[in-house]
Amino acid sequence: MGFLTRAPFLLGLAFAAAACGPAESPRPAAASGGELEFSGSWSGIGSRHTISLGAGRFGSVVDLKGTMLLTGPGRPGVGFQSEVIGLTDSATGFQGRSVWTDERGDQVYSELRGEGTAAKNRIVGTILSGTGRYAGVTGSYEFSWQWVMEGEEGAVHGRAVDLRGRVQLGPAAGGSPR
């Protein structure tokens with residue numbers, strides 16, 4: 001079995017192992033409108049299709065799925081399955097959209113933008129909204145994206161480096177979304 005056929009299984013196994021960790025003591029819920037900070041890890045596998053735009057310029061479409069694990073007292077949740085679609089232009093940067101889905105099926109929606117070049121790959125995410133326990137949540141996060149592996153036919157694996165952010169709980173969220 002090749003790496004790309006095992007990768008979803010390995011990511012799922014890592015997610016399950018993290019979810020089976022020791023129980024955490026309850027944290028106080030933040031008041032509606034309170035701002036909370038978080039950090040974490042994010043990795044994804046998927047595909048990238050690249051075209052030449054002439055004179056050393058290129059464009060790429062990426063489609064990634066993976067796992068996001070968050071830490072810190074301000075995290076909106078512990079673990080999420082994540083999906084990202086995006087477009088990179090080596091001259092103008094990266095634009096993308098992301099959906100995080102937790103174990104209950106509740107989702108967090110965000111848009112991504114960044115420099116999108118090998119030398120400058122800082123990505124900034126804006127949390128737009130959510131469903132269920134994340135309804136009314138807004139915020140921002142940032143990270144640097146690092147391609148770990150590039151395989152045949154556009155297969156890619158990458159990870160976020162130095163992921164950190166903050167969320168603001170809206171009235172619809174009713175306090176802490178944990």
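The values are calculated or read from the model by the stated rules, or taken from the named source; none is laboratory data. These figures come from a predicted structure and were not determined experimentally. So basically every Cβ, Gly included, is an ideal-geometry build from the backbone, and we count neighbours across all protein chains shown. The accessibility values were calculated without ligands, DNA or RNA, using every heavy atom of the protein model including side chains. Shrake-Rupley method; radii C 1.70, N 1.55, O 1.52, S 1.80 Å.
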Next on the checklist: Among the residues of region 133-149, are any open to solvent by 50 Å² or more (accessible area, probe 1.4 Å) and outside any strand (DSSP E or B)?
Outcome noted: no
Checklist entry - Any idea which of GLY44, GLY74 is at pLDDT 95 or above and in contact with a Leu (Cβ under 7 Å, 6 or more places away or on another chain)? => result GLY44
Item to check | Matching strands (runs of 3 or more DSSP E) fully within region 58-128 where at least 2 residues are touching a His at 6+ places or on another chain (Cβ under 9 Å) and open to solvent by less than 40 Å² (accessible area, probe 1.4 Å) | outcome: 58-71
Next on the checklist: Quick check on my filter: what residues within region 160-171 are within 18 Å of the chain's Cα centre (by Cα), surrounded by 19 or more Cβ atoms within 10 Å (Cβ to Cβ) and not β-branched (Val, Ile, Thr)?
Outcome noted: ALA160, LEU163, GLY165
